[in-house]
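Let me begin by presenting the structure, written as structure tokens, before commenting on it.
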Amino acid sequence: MSVTMAKADGVTVFTLTSDPNSACPPLCQILKGLCCSPVCCSVSQPLRRLQGTSQSVLGALQIMIGALHIGLGAILCSGGGLLTFGMQYIGYPFWLGALFIFFGIMCILSEKFPSPCLVITNVILNLEGVGFAITSIVLYSTSTGNYDDYSDNYFWRDNRLPVCDKCVIKCIIRQIYSNMMVRSINIVLIILSHLELCIVVSVVVLGIKALKKRGSGETKVKEEK
């Protein structure tokens, strides 16, 4: 299927020629033609100029935030009894970290190969990233609020062993340090999630501005001609 585009008086007309020998239905051919057309998939130099290096910087920050989510989440998950119920069975530090890394890679790709299709995809993905960043903030805040002195040893107590005062004191001290470590890591992850929220909003705003300026620039060039 071939796609041609014509603009006149503020109206854009797409002309699609279907392939009668194709086994795909017409709707699939239309989507394929729009996504794979040179108009949408070719690298745009105006977009490259408008975006600058901001997307790569923001993408690198997202990758670092995702890696920190996975690393700090692994520390929490390796603590055995230090896990909260949601973190143990959902494992949200890992899939949230993987998503943030994916969003960062898309930002870098949209700058290296700034085609309209890729830039629009990057904007849509980072719009979804806003929801995931808010979800991350809520989950870590809930994890910090639900954590108490009993959640780290409820399944790990062994009352059959004789205890002494020194052993009890040592256990209490270690328990206090463990609680401080868990809460500190959760607070760091909450801060990183807020930073991720700011980054994805910035990516969306910059992407929309670049697309808008590119469209207005092309219109001015055609009017001058």
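The values are calculated or read from the model by the stated rules, or taken from the named source; none is laboratory data. These numbers come from a predicted model, not from an experiment. Glycine also receives a Cβ, built like all others from the backbone with ideal geometry; neighbour counts cover every protein chain displayed.
Scanning the range 116-129 for residues that are hydrophobic (A, V, I, L, M, F, W, C) and buried (at least 16 other Cβ atoms within 10 Å of the Cβ), we see that the one that is farthest from the chain's Cα centre (by Cα) is CYS117.
Kindly indicate which of ILE169, ILE187 is surrounded by fewer than 14 Cβ atoms within 10 Å (Cβ to Cβ), assigned by TED's automatic domain parsing to the domain that holds ALA60 and modelled with pLDDT of 80 or more. Show your work before the answer.
Working: ILE169 fails: modelled with pLDDT of 80 or more.
Every option except ILE187 fails the conditions.
Among the residues of the range 95-115, just one is surrounded by fewer than 20 Cβ atoms within 10 Å (Cβ to Cβ) and either among the polar types (S, T, N, Q) or touching a Cys at 6+ places or on another chain (Cβ under 8 Å) (or both), namely SER115.
Mind checking which residues of the range 110-142 are of a type outside the set (S, T, N, Q) and modelled with pLDDT under 90?
Taking the range 110-142 first, the residues of a type outside the set (S, T, N, Q) are 111-114, 116-120, 123-125, 127-134, 137-140.
Residues satisfying the conditions are GLU111, LYS112, PHE113, PRO114, PRO116, CYS117, LEU118, VAL119, ILE120, LEU139, TYR140.
Which one is surrounded by the most Cβ atoms within 10 Å (Cβ to Cβ) among residues in the range 39-69 that are of a type in the set (Val, Ile, Thr) and at pLDDT 95 or above? Checking each candidate, the answer is ILE65.
For the range 143-166, the set of residues classified as at pLDDT 65 or above and surrounded by 14 or more Cβ atoms within 10 Å (Cβ to Cβ) consists of SER143, THR144, listed by residue number. Per the conditions (1) touching a helix residue (DSSP H, G or I) at 6+ places or on another chain (Cβ under 6 Å); (2) at pLDDT 80 or above, the sole criterion not satisfied by GLY91 is (1).
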